[in-house]
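Down below is the structure, laid out as C-alpha cells.
The values are calculated or read from the model by the stated rules, or taken from the named source; none is laboratory data. All values derive from a computational prediction rather than experimental measurement. Neighbour counts run over all protein chains shown; Cβ positions are idealised from the backbone, glycine included.
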C-alpha cells in the first residue's frame, strides 16, 4: 500500500471533497483522484461514494479511514518526538562512571546538567575502568567517564581531566610525621588495594614494579568507603584519589604523606564507541563536560562544576562545617550527639 495514496484517500474522506483535499495537499485535483483510484484498484474495492456534493466512505472505506487516522496520528507523534529530541526537549542517556567519580563528582555534575536540560533522562551506572569499556563496547553505555587504560581501536577517548592519587594514612600512623615517603619505605607497610580492574590498582602495581618492589597487599576492595574505614583503623595505607578523601583530610580523620618524586596521576577520559553517531543528549553531555573541566586537576574540575560549592573548601572551612553538624545537648542521661 502506497503511503501517498493512503494520505490522499484519508484527506478526501476527512474533508469530504477532492478539491479541498487537493488544496490541503498542495497538488492538483486530478492528482488526488488518480491516487485514490489507484488505491481502490490495489484493494479491489470501492472506498468512497458520492452523496450530493460530498464524498463519503463506504464500509471498506470506514475501516481503512480508522486505520489511516491512527497511522497518521503516529506519524505526527513520531515527527514531534524527533523534533523534541533534536531540540533536547526529551531523550535518554546511559552514562558509565568509575566509582570514585560516581560518588564524589557525578551527583553535582548530573544535577547541574539537568538544570540546563531538565527533560533529558539520565541513567548512571558505576564500575571499574575495564567494566566500563566493556559496557561501551556492548552498547550498555553511550558514554563513560573512565580512568585511562588501554582501550582498543573501537573506542574514541576524549581527555577530560587528571586525577591525583595520594598516599592515604591514618593520622596516628608513624608515617604522618614524615615530610615525604619513598616507595621502598612504603613497601614495608601493608597496603589496602583497589580491585584489580581499577586504573588506580594498575598504576600502583606498575610504579612499584618499575622499582622492583612487590607491595604486601593485605586487603583488596572495590569500595572506597571501606578502604577509608580500614585506614582509620590503622590496617594499612592506600593509594586513593584526592577527590575521594579531601573531606576526611579536612576533618582530620585521615592524612596524606607526599610521595618522593611526586604523587601519581591518572588521566580521566570520556569514552564512546568509535564511528557511532552520538544522540543529541550524548553530544550535549560531552559539550557540557568539556566546557566545565580543568584538564590538569580533577579536584579543580569538581570545584568548577560546583561539587563542593561555588568556591573550593579550605581545610578550616571543612572543619567548621563538621563542627556545625554536631551539637552537644545535655540531658539527664548525659551528653547526646544530635545531627542536624
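Checked across the stretch 165-175, the condition of being touching a strand residue (DSSP E or B) at 6+ places or on another chain (Cβ under 8 Å) and within 18 Å of residue 96 (Cα to Cα) holds for no residue. Exactly one residue among 24, 40 is outside any strand (DSSP E or B) and more than 19 Å from residue 1 (Cα to Cα), and that residue is 24. Scanning the stretch 206-220 for residues that are under 29 Å from the mean Cα position of the chain (by Cα) and either surrounded by 15 or more Cβ atoms within 10 Å (Cβ to Cβ) or not assigned by TED's automatic domain parsing to the domain that holds residue 260 (or both) returns no hits. Within the stretch 171-182, not a single residue is within 36 Å of the chain's Cα centre (by Cα), more than 19 Å from residue 205 (Cβ to Cβ), buried (at least 18 other Cβ atoms within 10 Å of the Cβ) and at pLDDT 90 or above.
Listed here are the residues, each with its yes/no results for (1) under 24 Å from residue 147 (Cα atoms); (2) modelled with pLDDT of 90 or more.
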position: 229; (1), (2): yes, yes
position: 235; (1), (2): no, yes
position: 265; (1), (2): yes, no
position: 304; (1), (2): yes, no
position: 329; (1), (2): no, no
position: 333; (1), (2): no, no
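Would you confirm, using the coordinates I've provided, whether residue 168 is outside the structural domain of residue 97 (by TED's automatic domain parsing) and at pLDDT 90 or above? Spelling it out, residue 168 is indeed outside the structural domain of residue 97 (by TED's automatic domain parsing) and at pLDDT 90 or above. Against the numbered list (1) surrounded by fewer than 17 Cβ atoms within 10 Å (Cβ to Cβ); (2) in contact with a helix residue (DSSP H, G or I) (Cβ under 9 Å, 6 or more places away or on another chain), residue 186 comes up short only at (1). Being at pLDDT 85 or above and more than 14 Å from the chain's Cα centre (by Cα) is a property that does not hold for residue 121.
On inspection, residue 163 does not qualify as under 16 Å from the mean Cα position of the chain (by Cα), within 22 Å of residue 264 (Cβ to Cβ) and assigned to a strand (DSSP E or B).
If you go through the stretch 144-159 and keep only what is out of contact with any helix residue (DSSP H, G or I) (no Cβ under 8 Å at 6 or more places or on another chain) and free of Cβ contacts under 8 Å to residues at least 60 places away in the same chain, you end up with just 150.
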